[in-house]
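The values are calculated or read from the model by the stated rules, or taken from the named source; none is laboratory data. The model shown is predicted, which means the values in this text are computed figures rather than measured ones. Backbone-built Cβ (ideal geometry, glycine too); neighbour counts: all protein chains shown. The protein model used for the area step is the full one, side chains on, heavy atoms only, and it has no ligands, DNA or RNA in it. Shrake-Rupley method; radii C 1.70, N 1.55, O 1.52, S 1.80 Å.
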Amino acid sequence: MKNYMIAMYQPKGPIPPPEVLGPVMEELGKVRAELEASGSWVFGAGLYGPDAATVLRVRDGELVVADGPYIEGKEYLGGFTIVKVPDLDAAMRIGRRQAEITGLPIEVWPFQGEAG
């Protein structure tokens, strides 16, 4: 079994109204429940918008702190799920379900240093 991060990217802008967001969150909750029941769920969380991010860099031994995300864009990392599944195909099936439910871009990333 190997860990994968399934990252969800959201567009900048207002949060969708409850009548739009509610059914999406309900379906994502079903995916989470299935992952928990199968023992594949490791961890997941939503993130605040890009204005809450802080970027840290060290230049010439000094810490430089900047507001906002490292990269400016029309979309930002809005949340992630860590799963433990047998292989990339299994992780991609989960990511595909999230993409179908949300209509948002989803990235599937394997963790380094793990067999499998």
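The set of residues from segment 100-116 being part of a helix (DSSP H, G or I) and either among the hydroxyl-bearing types (Ser, Thr, Tyr) or modelled with pLDDT under 95 (or both) comprises just one member, 102.
Scanning segment 6-20 for residues that are open to solvent by 90 Å² or more (accessible area, probe 1.4 Å) and without any contact (Cβ under 8 Å) to a residue 60 or more places away in the chain gives 14, 15, 18, 19. The set of residues in segment 34-54 that are among the β-branched types (Val, Ile, Thr) and surrounded by 13 or more Cβ atoms within 10 Å (Cβ to Cβ) contains only 42.
Here the condition is being modelled with pLDDT under 95 and β-branched (Val, Ile, Thr); of 83, 42, 64, it holds for 64 alone.
The rows are residues; the columns are (1) outside any helix (DSSP H, G or I); (2) under 23 Å from residue 111 (Cβ atoms); (3) open to solvent by 80 Å² or more (accessible area, probe 1.4 Å).
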| site | (1), (2), (3) |
| --- | --- |
| 22 | no, no, no |
| 32 | no, yes, yes |
| 56 | yes, yes, yes |
| 63 | yes, no, yes |
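Please tell me if residue 97 is at pLDDT 95 or above and over 10 Å from residue 4 (Cβ atoms). So residue 97 fits the description; yes. Mind listing just one residue for me: the one in segment 65-80 that is surrounded by 13 or more Cβ atoms within 10 Å (Cβ to Cβ) and assigned to a loop (DSSP other than H, G, I, E, B) and, of those, nearest to the chain's Cα centre (by Cα)? So, considering only residues that are surrounded by 13 or more Cβ atoms within 10 Å (Cβ to Cβ) and assigned to a loop (DSSP other than H, G, I, E, B), the one nearest to the chain's Cα centre (by Cα) is 69.
Determine, yes or no, whether residue 95 is at positive phi and in contact with an Asp or Glu (Cβ under 9 Å, 6 or more places away or on another chain). Judged against the criteria, residue 95 is not a match. For segment 81-94, filtering for residues that are of a type outside the set (D, E, K, R) and open to solvent by 30 Å² or more (accessible area, probe 1.4 Å) leaves 3. Return yes when residue 83 is more than 24 Å from residue 42 (Cβ to Cβ) and either part of a strand (DSSP E or B) or not aliphatic (A, V, I, L, M) (or both) and no when it is not. So residue 83 does not fit the description; no.
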